[in-house]
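Colleague: Dropping a structure here in C-alpha coordinates format, bear with me for questions.
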Amino acid sequence: MWDYPRPAIAQLTDAHLRILFDGQVLAETRSGVRTLETSHPPSYYFPPADVDQAMLALAGGSASMCEWKGQARYFDVVGPTKRASRVGWAYPAPTPSFAMLRDHIAFYAGPMDACFVNGEQVTPQPGGFYGGWITSAVAGPFKGPPGTQFW
(Lines give C-alpha, C1' and ligand atoms only; values in the text may rest on other atoms or scores of the structure.)
Protein backbone atom coordinates (compact mmCIF):
# COMPACT_ATOMS: atom_id res chain seq x y z
CA MET A 1 0.00 0.00 0.00
CA TRP A 2 2.97 2.33 0.07
CA ASP A 3 2.84 2.29 -3.72
CA TYR A 4 -0.86 3.28 -3.66
CA PRO A 5 -1.45 6.68 -5.25
CA ARG A 6 -1.73 10.11 -3.69
CA PRO A 7 -4.16 11.67 -4.33
CA ALA A 8 -6.43 8.70 -3.76
CA ILE A 9 -8.24 6.84 -6.55
CA ALA A 10 -11.37 4.69 -6.81
CA GLN A 11 -11.59 1.54 -8.90
CA LEU A 12 -14.13 -1.19 -9.49
CA THR A 13 -13.44 -4.54 -7.85
CA ASP A 14 -15.03 -7.93 -8.39
CA ALA A 15 -13.72 -9.21 -5.05
CA HIS A 16 -16.33 -11.00 -2.97
CA LEU A 17 -17.09 -8.55 -0.13
CA ARG A 18 -19.25 -9.54 2.82
CA ILE A 19 -20.21 -7.95 6.15
CA LEU A 20 -21.93 -9.57 9.13
CA PHE A 21 -23.53 -7.48 11.89
CA ASP A 22 -25.49 -8.73 14.87
CA GLY A 23 -25.71 -12.18 13.30
CA GLN A 24 -27.16 -10.83 10.02
CA VAL A 25 -25.70 -10.29 6.55
CA LEU A 26 -25.55 -6.51 6.30
CA ALA A 27 -23.93 -6.35 2.86
CA GLU A 28 -22.57 -8.68 0.20
CA THR A 29 -21.35 -7.93 -3.31
CA ARG A 30 -19.02 -8.76 -6.16
CA SER A 31 -19.62 -5.29 -7.65
CA GLY A 32 -17.85 -3.06 -5.15
CA VAL A 33 -15.60 -0.06 -5.47
CA ARG A 34 -12.36 0.22 -3.56
CA THR A 35 -10.42 3.35 -2.79
CA LEU A 36 -6.65 3.32 -2.68
CA GLU A 37 -4.48 5.95 -1.01
CA THR A 38 -0.85 5.95 0.08
CA SER A 39 -0.39 4.68 3.67
CA HIS A 40 -3.95 3.28 3.89
CA PRO A 41 -5.32 -0.21 3.35
CA PRO A 42 -8.21 -0.19 0.85
CA SER A 43 -11.68 0.97 1.82
CA TYR A 44 -14.54 -0.90 0.16
CA TYR A 45 -17.84 0.61 -0.99
CA PHE A 46 -20.98 -1.45 -1.60
CA PRO A 47 -23.68 -0.65 -4.17
CA PRO A 48 -26.88 0.34 -2.34
CA ALA A 49 -28.75 -2.65 -3.82
CA ASP A 50 -26.25 -5.00 -2.13
CA VAL A 51 -26.76 -3.55 1.36
CA ASP A 52 -29.70 -4.51 3.58
CA GLN A 53 -31.28 -1.04 3.71
CA ALA A 54 -33.56 -2.11 6.56
CA MET A 55 -30.45 -2.24 8.75
CA LEU A 56 -29.45 1.39 7.99
CA ALA A 57 -30.57 4.59 9.69
CA LEU A 58 -29.33 8.02 8.68
CA ALA A 59 -27.05 9.18 11.50
CA GLY A 60 -27.23 12.49 13.24
CA GLY A 61 -24.24 14.68 13.87
CA SER A 62 -21.89 16.54 11.60
CA ALA A 63 -20.78 15.54 8.13
CA SER A 64 -17.14 15.20 7.18
CA MET A 65 -15.31 16.47 4.15
CA CYS A 66 -12.70 14.56 2.16
CA GLU A 67 -10.51 16.73 -0.03
CA TRP A 68 -10.74 14.13 -2.82
CA LYS A 69 -14.17 12.53 -2.46
CA GLY A 70 -16.36 15.36 -1.17
CA GLN A 71 -18.84 15.54 1.70
CA ALA A 72 -19.84 12.29 3.42
CA ARG A 73 -23.08 11.44 5.15
CA TYR A 74 -23.13 8.79 7.88
CA PHE A 75 -25.29 5.83 8.82
CA ASP A 76 -26.01 3.87 11.96
CA VAL A 77 -26.32 0.12 11.53
CA VAL A 78 -29.22 -1.48 13.38
CA GLY A 79 -29.48 -5.21 14.01
CA PRO A 80 -31.97 -7.30 15.95
CA THR A 81 -30.26 -6.70 19.30
CA LYS A 82 -27.69 -3.92 18.84
CA ARG A 83 -27.01 -0.62 17.10
CA ALA A 84 -23.66 0.85 15.99
CA SER A 85 -23.59 4.62 15.50
CA ARG A 86 -21.97 6.36 12.52
CA VAL A 87 -20.27 3.21 11.21
CA GLY A 88 -21.25 3.54 7.56
CA TRP A 89 -20.74 6.44 5.16
CA ALA A 90 -21.55 7.45 1.61
CA TYR A 91 -20.95 10.33 -0.79
CA PRO A 92 -24.28 11.44 -2.32
CA ALA A 93 -22.52 14.06 -4.48
CA PRO A 94 -18.87 12.98 -4.86
CA THR A 95 -16.26 14.97 -6.72
CA PRO A 96 -16.04 14.19 -10.48
CA SER A 97 -13.00 11.91 -10.10
CA PHE A 98 -14.90 9.80 -7.54
CA ALA A 99 -18.26 9.76 -9.34
CA MET A 100 -18.37 5.95 -9.21
CA LEU A 101 -18.80 6.19 -5.41
CA ARG A 102 -22.15 8.00 -5.70
CA ASP A 103 -24.45 6.52 -3.02
CA HIS A 104 -22.22 3.47 -2.49
CA ILE A 105 -21.78 2.73 1.20
CA ALA A 106 -18.58 1.90 3.08
CA PHE A 107 -18.37 0.53 6.61
CA TYR A 108 -15.84 0.50 9.42
CA ALA A 109 -14.81 -3.11 9.99
CA GLY A 110 -14.23 -2.81 13.75
CA PRO A 111 -17.86 -2.54 14.93
CA MET A 112 -19.01 -5.40 12.68
CA ASP A 113 -19.15 -9.06 13.66
CA ALA A 114 -16.87 -9.76 10.70
CA CYS A 115 -15.94 -8.38 7.29
CA PHE A 116 -14.50 -10.49 4.49
CA VAL A 117 -12.64 -9.97 1.22
CA ASN A 118 -12.69 -13.14 -0.92
CA GLY A 119 -13.39 -15.22 2.18
CA GLU A 120 -10.53 -13.78 4.24
CA GLN A 121 -11.62 -12.04 7.43
CA VAL A 122 -10.22 -8.52 7.52
CA THR A 123 -8.48 -6.67 10.32
CA PRO A 124 -9.79 -3.11 10.84
CA GLN A 125 -7.40 -0.25 10.10
CA PRO A 126 -6.19 1.09 13.47
CA GLY A 127 -7.54 4.35 14.82
CA GLY A 128 -11.05 5.67 15.06
CA PHE A 129 -11.15 7.73 11.88
CA TYR A 130 -9.91 5.56 9.01
CA GLY A 131 -12.01 2.84 7.40
CA GLY A 132 -9.49 0.61 5.65
CA TRP A 133 -9.72 -3.16 5.61
CA ILE A 134 -6.43 -5.01 6.16
CA THR A 135 -5.95 -8.39 4.47
CA SER A 136 -2.88 -10.51 3.70
CA ALA A 137 -2.76 -8.76 0.29
CA VAL A 138 -1.59 -5.45 1.81
CA ALA A 139 1.52 -4.67 3.88
CA GLY A 140 1.91 -1.91 6.47
CA PRO A 141 2.73 0.08 8.38
CA PHE A 142 -0.68 1.76 8.08
CA LYS A 143 -1.81 5.22 9.01
CA GLY A 144 -4.10 5.15 12.04
CA PRO A 145 -2.22 4.13 15.20
CA PRO A 146 -1.16 6.86 17.65
CA GLY A 147 1.53 9.10 16.19
CA THR A 148 0.65 8.48 12.51
CA GLN A 149 -2.07 11.09 11.92
CA PHE A 150 0.17 13.52 10.03
CA TRP A 151 2.22 11.11 7.91
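The values are calculated or read from the model by the stated rules, or taken from the named source; none is laboratory data. Because the structure is predicted, anything quoted here is derived from the model rather than measured. Every residue, glycine as well, gets a Cβ built from its backbone with ideal geometry; the counts of neighbours run over all protein chains shown. Areas reflect the complete protein model, heavy atoms only, side chains present, ligands, DNA and RNA absent. Shrake-Rupley method; radii C 1.70, N 1.55, O 1.52, S 1.80 Å.
Colleague: Sum up the charges of everything whose Cβ sits under 13 Å from the Cβ of Thr29, counting Lys and Arg as +1 and Asp and Glu as -1, but leave Thr29 out. Display every interim value, and only then the final one.
Modeller: Numbers: positive: Arg18, Arg30, Arg34; negative: Asp14, Glu28, Asp50, Asp52.
Net local charge, Thr29 excluded: -1.
Colleague: Roughly speaking, to the nearest percent, how much of the chain's 1.4 Å accessible area is carbon and sulfur? Working shown, then result.
Modeller: On the way: 3950 of 7350 Å².
Answer for the chain is 54 percent, counting heavy atoms of protein chains only.
Colleague: When a/c reaches 1.5 or more, the comparison of a/b and b/c decides; with that in mind, is segment 15-67 rounded, prolate or oblate per its Cα gyration tensor?
Modeller: It is oblate, given that a/c is not under 1.5 and a/b is not larger than b/c.
Colleague: Now, a different point. Might you tell me the accessible area per residue for segment 8-68, computed with a 1.4 Å probe and given in Å²?
Modeller: 44
Colleague: Compute the projected area of the convex hull of the Cα atoms of segment 1-104, averaged over all viewing directions, and report it in nm² to one decimal place.
Modeller: Averaged projected area of segment 1-104's Cα convex hull equals 6.7 nm².
Colleague: For segment 55-92, state which trypsin sites (Lys or Arg not before Pro) are in a DSSP loop and have at most 15 other beta carbons lying within 10 Å of their beta carbon.
Modeller: Lys82
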